[in-house]
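What follows is a short report on a single structure.
The values are calculated or read from the model by the stated rules, or taken from the named source; none is laboratory data. From a predicted model like this one, the values you see are computed outputs, not experimental measurements. We place every Cβ from the backbone using ideal geometry, glycine too, and count neighbours over all the protein chains shown. Side chains are part of the model used for accessible areas, which takes the heavy atoms of the whole protein and leaves out ligands, DNA and RNA. Shrake-Rupley method; radii C 1.70, N 1.55, O 1.52, S 1.80 Å.
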Amino acid sequence: MRIQLNPIVKKDLKVTARSMRLSWGLFAYEAILTMAFLLVLLIIQEDNNSFYSSSNVYSDLVYLFPVISIVQVCIVALIVPIITASSISGEKERQTFDIMLTTCMSPLAIVVGKVISAVLRILFFVVGSLPIMALSFVVGGLKWSSLFYYVLAVILLAIFSGSIGILCSAFSRKSITAVILSFCVYFVVYGLTFLPMLMKLF
């Protein structure tokens, strides 16, 4: 049985695979995660003075996973709005939006295709970071089921962030306006989410 792929997803994947931007982006992404990993190891080593000290250094290595995961979530949260905020507004700037609407695809299929293509591009980064994440799991002694749930949470975050970026892109005529608007919506949503917790703490 042949699976019919969304034409927008197919086109975006071809354009992404042919450009060097994805390769350099993956390189920068891996470099940031590696620096965060080495920085945490350096801090743990400084706190314990030496890996041969009498203190239990392996209990501190569990903190590798939350630090790497927080860095990765922050990068994903910053990348996805930039990718999706220019998806529809970029079509308007290139004057190809009306041509896209004249195709046989429905508006829902266009929006879903844009979101799926953004999520698939983020999955490239997530899969590329799995060796570093796996290393933190092996050293930190955590369960592999936690890695599965973490990847699932990153995918859900990418879908949520991509939906916000698509919404802002549909209301904007320029990509820079859509990016700024999506980040403003970001801060409002996350601010309202964490505001009750901050009020409870302070």
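A few comments on the model shown:
- Theoretical ellipticity at 222 nm over the chain - DSSP helices of four or more residues, -39500 (n - 2.57) apiece, nearest 500: -27500 deg cm²/dmol
- Taking all protein chains together and a 1.4 Å probe, the residues Thr177, Thr16 rank Thr177, Thr16 from largest to smallest accessible area.
- The eigenvalues of the Cα gyration tensor, multiplied by 5 and square-rooted, give the chain an equivalent ellipsoid with semi-axes of 38, 20, 15 Å from largest to smallest.
- Coupling constants for segment 7-17 follow from the phi torsions by the Karplus curve (6.51 cos²θ - 1.76 cosθ + 1.60, θ = phi - 60°), and in residue order they are x, 5, 4, 4, 5, 5, 5, 5, 5, 5, 5 Hz; glycine and proline get x.
- For the chain, the longest principal axis of the Cα atoms and the long axis of helix 21-48 meet at an angle of about 20 degrees.
- 0 to 90° range, to nearest 10: angle between helix 130-140 axis and the chain longest Cα axis: 20 degrees
- Gaussian network model of the chain, springs between alpha carbon atoms under 10 Å - residue of Ala109, Ala178, Ala118 with greatest fluctuation: Ala109
- Sequence-ordered 3J(HN,Hα) estimates for segment 195-202 from the Karplus curve with 6.51, -1.76 and 1.60 and θ = phi - 60° stand at 4, x, 5, 5, 5, 5, 6, 9 Hz, glycine and proline given as x.
- Rounded FRET efficiency, nearest 0.05, which uses the C-beta distance separating Ile176 from Ala153 and R0 of 30 Å: 0.50
- Phi to ³J(HN,Hα) by Karplus 6.51 cos²θ - 1.76 cosθ + 1.60 over segment 82-98, Hz, x for Gly, Pro: 5, 6, 7, 5, 9, 6, 8, 5, x, 5, 5, 5, 7, 6, 10, 5, 5
- All Cα pairs of segment 62-146, percent lying beyond 18 Å: 57 percent
- Of Lys174/Lys200; Lys11/Lys92; Lys14/Lys174, pairs whose Cα-Cα distance is over 28 Å: Lys174/Lys200
- Cα gyration tensor shape of segment 118-202, rounded if a/c is under 1.5, else prolate or oblate by comparing a/b with b/c: oblate
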